[in-house]
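Since the structure comes first, as structure tokens, the remarks are kept for the end.
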Amino acid sequence: MAKIDETKEFINTLRTYLSIIVAIILAVGAGVSKLYLANTIGLLFWIGIVFIIFFIIVFALVSKSIHENIKKLKDL
């Protein structure tokens, strides 16, 4: 497999991971908001908040990796 094809495939894989991360953020966000609206702010609520923050950081890192690989693709 050529280097350009390998890089394109890696970018597509990262995009798939990005979609999964967004789905997780939305699902956990819905759960956290349901807990908030039910006025049951406890341990599960705060764990959800921590997971949302964690996945937002992972989202940023994956996005950065996609941009770096696109720049690398220009050089090939």
- Query: Using beta carbons and a limit of 8 Å, which pairs, at least six apart or on different chains, have the first residue in the stretch 21-44 and under 16 Å from ALA60 (Cβ atoms) and the second one surrounded by 11 or more Cβ atoms within 10 Å (Cβ to Cβ) and β-branched (Val, Ile, Thr)?
  - Reply: ILE21/VAL58; ILE21/VAL62; ILE25/ILE52; ILE25/ILE56
- Hey, does the stretch 58-71 have a residue that's modelled with pLDDT of 95 or more, surrounded by 14 or more Cβ atoms within 10 Å (Cβ to Cβ), closer than 29 Å to ILE4 by Cα and among the aromatic types (Phe, Trp, Tyr)? yes
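The values are calculated or read from the model by the stated rules, or taken from the named source; none is laboratory data. Since the model is a prediction, treat every value here as computed from it, not as a measurement. Counting neighbours? That spans all protein chains shown, and the Cβs are built from the backbone with ideal geometry, glycine included.
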